[in-house]
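The values are calculated or read from the model by the stated rules, or taken from the named source; none is laboratory data. On a predicted model such as this, the values are computed, not experimentally measured, just so you know. Cβ coordinates were reconstructed from backbone atoms using ideal geometry, including for glycine residues, and neighbour counts include every protein chain displayed. What goes into the accessible areas is simple: the full protein's heavy atoms, side chains included, and nothing from ligands, DNA or RNA. Shrake-Rupley method; radii C 1.70, N 1.55, O 1.52, S 1.80 Å.
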Amino acid sequence: VQLQAYGGGLVQAGGSLRLSCAASGSTFSINLMGWYRQAPGKQRELVAVITSGSITTYAGSVKGRFTISTDNAKSTVSLQVNSLKPEDTGIYYCYARTGDTTNWGQGTQVTVSS
């Protein structure tokens with residue numbers, strides 16, 4: 001499975017973005033998709049996850065502000081990010097799990113100015 005992420009950018013605090021990640025290849029084998037992010041000088045952290053059964057999980061810091069979803073084909077995962085804060089700045093990586101394998105996208109930069 002190959003993943004292509006897009007939709008990042010520079011936004012002011014309080015603004016919104018929509019990140020998307022398109023999967024190609026053996027997408028029928030995907031059982032979970034999600035997003036991690038990595039801020040400068042910090043470890044990568046889980047942001048949101050959605051299973052093939054549409055069960056979602058969010059990091060506490062983004063709950064109520066971010067929404068993860070997939071398309072009907074379950075081959076594109078999107079992350080609607082609202083009420084952005086400067087601490088949301090980082091590189092956002094999408095991933096898709098197939099069996100025991102985790103496939104990563106290339107990352108998209110989100111920068112939130114105060």
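Odds and ends about this structure:
- Cβ-based charge dipole, segment 20-88, positive-most Cα from S75, G60, A48: G60
- For segment 88-102, putting each phi into the Karplus relation 6.51 cos²θ - 1.76 cosθ + 1.60 with θ = phi - 60° gives couplings of 7, 4, x, 8, 9, 10, 8, 8, 9, 9, 10, x, 9, 9, 9 Hz, in residue order, rounded to whole numbers and with x for Gly and Pro.
- Per residue value of the accessible surface for segment 40-101 (all protein chains in place, 1.4 Å probe), Å²: 53
- Summarising the label geometry, the points placed 7 Å from Cα in the beta-carbon direction at R44 and A13 lie 2.9 nm from one another.
- Sum of side-chain charges, T57 neighbourhood, beta-carbon under 14 Å (Lys, Arg +1; Asp, Glu -1): +1
- Accessible surface of D71 - all protein chains present, 1.4 Å probe, nearest 10 Å²: 60
- Charged-residue dipole, Cβ positions (Lys, Arg, Asp, Glu), segment 35-114 about Cα centre, Debye nearest 20: 100
- Between Q43, Q80, Q12, the Gaussian network model of the chain with springs among Cα atoms under 10 angstrom shows the greatest mean-square fluctuation at Q43.
- Near I91: Cβ cut-off under 12 Å, other residues only, Lys/Arg at +1 and Asp/Glu at -1. The net charge is +1.
- Summed side-chain charge close to Y36 - residues other than Y36 whose Cβ falls under 15 Å, Lys, Arg +1, Asp, Glu -1: +2
- Under 5 Å, built H, 5+ apart or other chain: amide partners of T89: V112
- Here the chain has 48 percent of its accessible surface on carbon and sulfur atoms, given a 1.4 Å probe and all protein chains in place.
- Choice from T101, T89, T57 showing the highest fluctuation, given a GNM over the chain with Cα pairs closer than 10 Å: T101
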